[in-house]
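Each value in this text was obtained by applying a stated rule to the coordinates, not by laboratory testing. Remember, it's a predicted structure, so these values are computed and weren't measured experimentally. With ideal geometry, Cβ positions are generated from the backbone for all residues, glycine too; neighbour counts draw on all protein chains shown.
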Amino acid sequence: MWDEKFEAMSTEEMQAFQLEKLQETAAWVYDKIPFYKKQFDELGVAPGDIKAVEDLGKLPFTVKTDLRDNYPFGLCAVDLKDLVRIHASSGTTGKPITGPYTREDRDQWGECMARTLTSHGIGPDDIVQNAYGMGLFTGGLGFLLGADTIGCTVVPSGSGMTERQITLMEDFGCTVLFATPSYTLTIAEKAQDMGVDMRELPVRVGSFGAEPWTVEMRTEIEERMGIKAHEAYGLTELMGPGVAFDCPAQDGYLHINEDHVMAEIIDPVTEEVLPLGEKGELVFTAIQRRAMPMIRYRTRDITELKRETCSCGRTLLKMKKVLGRSDDMLIISGVNVFPSQVESILLEVPEVEPQYVLIIRKKGYLDALSVDVEAKPEVYELGEEKLKEVEGAIESRIRGVIGIGVKVRCVPPKSIERSEGKAKRVFDARNM
Ligand SMILES: [Zn+2]
């Protein structure tokens, strides 16, 4: 453990700590951010009303549009001169989201990432290749902060120039890889083309995040790379990666750094707080940040929480691995479909590669889902009849598991564009 005091704290001590920080934060945002003062006043709640951790439920929610509406610094509680860093989300839809940090915020982020990486078995002796995009996106510099805090040797390769990534890994003897899961697959494939067996290289651990991935994808990466694959979870709105992380238990849950970020599960419709163990929308409150504290941020991720002493020794609250954000959920002719469900099925089919895209089109009044997936080269060579058989098997499996009709097409090897960062695997052509 990186910080035994907090990571293995008793529930009573943790809640006492959270209460103190929550009270400070509520008073801070009420005083410094007009947006929050207005929200508190409208609900008739004052910072002084917080007398127990449960009183968090009295505070107003923050939603993504609040961040966009207040772009760039409407939710920032400090002067720009007190900031040491400003990140921003990519802003593919509308305005981006700003992530400002004071020096203290940034140092705390480093601590949260150091806990994450330590949990993944990474230490000061490791040589880390950081193949996340380095820039406005919180992934690259967030992982860098964690590795710096621990004292790893960092190779900041950034994303792209995949051949060079592999050469660096060989030449420098890197023991750890940071990247998105989809870019890791791209690296593994390129290595194969170059005749490099990744399993023979010293790289032994991967710390992955920034896009949802299934357990099947994790296993696929572990096999191709000959490494142990771990997960870091986060959001630009909260701090970036470092909000939650998996541990050696890998029991389908992630530990939340709850002394920094308090978590609740609510009913997304009634907005009522649900008890531990119930499934609902994940809501986070950042209780130590000063530049941009976040009050009850609705993540739109659907999951559940669990409190127990983990086999790894940590007592930090656990959240079930998120398999897809509500934002990623597709509604196809009235049926809810997560791309991760399709991914799980595809990865169990030995004849295809883990490279796929989902395409949704309008067909009369109905929606039509089609899936393009790459056949393995040796399967593709067997010709049309074999491909038809594979397509039919996948179609009936998807129909059986998800309950929707689908058209599957086995496409030629390497015909789907490779990811160098966050993969784009869904094309919704219904409104085009
Ligand atoms: Zn654990």
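Looking at the range 116-202, which trypsin sites (Lys or Arg not before Pro) are DSSP coil and have at most 15 other C-beta atoms within 10 Å of their C-beta?
Here no loop site has a sparse enough neighbourhood.
Based on the Cα gyration tensor of the range 333-377, what are the three equivalent ellipsoid semi-axes, each the root of five times an eigenvalue, rounded to whole Å and given largest first?
23, 12, 6
On C-alpha positions alone, give me the angle between the axis of helix 138-150 and the longest principal axis of the chain, in degrees, nearest 10.
Computed tilt is about 70 degrees.
Work out how far the C-alpha atoms of the range 224-319 reach from end to end along every principal axis, then list the three figures in whole Å, largest first.
44, 32, 27
For L235, list long-range residues whose amide hydrogen, built 1.01 Å from N in the peptide plane, is under 5 Å from its own amide hydrogen.
G240, V243
Mean residue ellipticity at 222 nm from the helices of the chain, using -39,500 (n - 2.57) per DSSP H segment of n ≥ 4 over the full residue count, to the nearest 500 deg cm²/dmol?
Helix-only estimate at 222 nm: -10000 deg cm²/dmol.
For the range 326-335, in order, what is each residue's ³J(HN,Hα) by Karplus, 6.51 cos²θ - 1.76 cosθ + 1.60 with θ = phi - 60°, in whole Hz (x at glycine and Pro)?
Calculated HN-Hα couplings, in order: 4, 4, 8, 5, 9, 10, 10, 6, x, 9 Hz.
Place the peptides 233-239, 12-18 in order of packing, highest mean first, counting for every residue the other Cβ atoms within 10 Å and averaging per peptide.
Descending packing order for the listed peptides: 233-239, 12-18.
For L276 and V335 in one chain, what is 0.36 nm times their gap in residues minus the Cα-Cα distance, to one decimal in nm?
Computed gain between L276 and V335 is 18.5 nm.
Dividing the Cα radius of gyration by the Kirkwood radius, what Rg/Rh value follows for the chain?
Ratio value, two decimals: 0.98.
Per residue of the range 278-288, what does 6.51 cos²θ - 1.76 cosθ + 1.60 with θ = phi - 60° give for ³J(HN,Hα)? Whole Hz please, x for Gly and Pro, Karplus curve as stated.
8, 8, x, 7, 7, 10, 10, 10, 8, 9, 10
Have a look at the DSSP beta bridges in the range 329-428 and tell me what percent are antiparallel, nearest 5.
55
Out of all Cα-Cα pairs in the range 329-428, roughly what percent, to the nearest whole number, are more than 24 Å apart?
Percent of Cα pairs beyond 24 Å in the range 329-428: 20.
In debye to the nearest 20, how big a dipole does the chain give about its Cα centre with +1 on each Lys and Arg Cβ and -1 on each Asp and Glu Cβ?
1080
Which part of the range 45-71 falls in the paramagnetic zone of K95, meaning amide N under 12 Å from the point 7 Å along Cα-to-beta-carbon?
In the range 45-71, the label zone of K95 (backbone N under 12 Å from the point 7 Å along Cα→Cβ) covers 65-71.
Counting DSSP beta bridges in the chain, what percent are antiparallel, to the nearest 5?
65
Got a sec? Charge dipole of the chain, +1 on Cβ for Lys and Arg, -1 for Asp and Glu; which of P96, S419, N431 is way out at the positive end?
Checked the options; the winner is N431.
Can you tell me the orientation of helix 34-43 relative to the chain, as the angle in degrees between its alpha-carbon axis and the longest Cα principal axis, to the nearest 10?
80
With axes computed from alpha carbons, what is the tilt in degrees of helix 162-172 against the longest principal axis of the chain, rounded to the nearest 10 within 0 to 90?
Tilt of helix 162-172: around 70 degrees.
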